[in-house]
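The values are calculated or read from the model by the stated rules, or taken from the named source; none is laboratory data. None of the values given here were measured: they were computed from a predicted structure. Virtual Cβ from ideal backbone geometry, glycine too; neighbours counted across all protein chains shown. Side chains included, ligands, DNA and RNA excluded: accessible areas come from the protein's heavy atoms. Shrake-Rupley method; radii C 1.70, N 1.55, O 1.52, S 1.80 Å.
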Amino acid sequence: MQQSSEILIGDLLREHKLTLTTAESCTGGLIANRITDLPGSSDYFRGGIVAYAYEAKVALLDVSWDTLRIYGAVSEETVIEMARGARIALGADIAVSVSGIAGPGGGTPDKPVGTTWIGLSTTAGDWARKFIWEGDRLQNKALSADAAFQFVLDYLEGNL
């Protein structure tokens, strides 16, 4: 039986004595919820910040107003600033962030419904990945959470 990403991540974080935090927008805390579903996750999970509105991203995660005005909330630049801000604010080694258009509305020709950016910030650097999901709102949120876990797992396994 294959272990879930959350369990593998927890094992690797414990093994390497690292901590994790989250900065979530369109997933609304789903990633943090899945982490805290695991007994003992307080060993490595510092906490999460749900920053849905621009104002919350600025106030809680130190995202620049200029970044939001120029690139929008659903952008590589924003998710990197979100992840970096959460990592610094909560004193974690690793932070994963997500911002996207879960649907059914809100899409544009440049950023259709399903467009999602996931950011990762560590003491070694910052990365981002873009996805375009084709599910309904709940499916897009679940796919985004799965992709965020895979991103963290890739980093911990040295695959970035």
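Here is how the numbers come out for the structure above:
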{"read-out": "Residue count, region 132-160 (criterion: assigned to a strand (DSSP E or B) and open to solvent by less than 50 Å² (accessible area, probe 1.4 Å))", "value": "0"}
{"read-out": "Counted residues, region 115-131 - those being under 27 Å from residue 15 (Cβ atoms), part of a strand (DSSP E or B) and β-branched (Val, Ile, Thr)", "value": "2"}
{"read-out": "Selection from region 48-92 of residues that are under 14 Å from the mean Cα position of the chain (by Cα) and charged (D, E, K, R)", "value": "57, 76, 77, 81, 84, 87"}
{"read-out": "Residue among 117, 133 that alone is at pLDDT 95 or above, over 13 Å from residue 23 (Cβ atoms) and aromatic (Phe, Trp, Tyr)", "value": "133"}
{"read-out": "Pair list, Cβ under 7 Å, 6 or more apart: region 1-28 residue farther than 30 Å from residue 54 by Cα and among the charged types (D, E, K, R), other residue modelled with pLDDT of 95 or more and open to solvent by less than 50 Å² (accessible area, probe 1.4 Å)", "value": "14/44"}
{"read-out": "Segments classed as helices (runs of 4 or more DSSP H), wholly inside region 1-114, with at least 1 members that are modelled with pLDDT of 95 or more and surrounded by 21 or more Cβ atoms within 10 Å (Cβ to Cβ)", "value": "5-16, 30-36, 54-61, 76-90"}
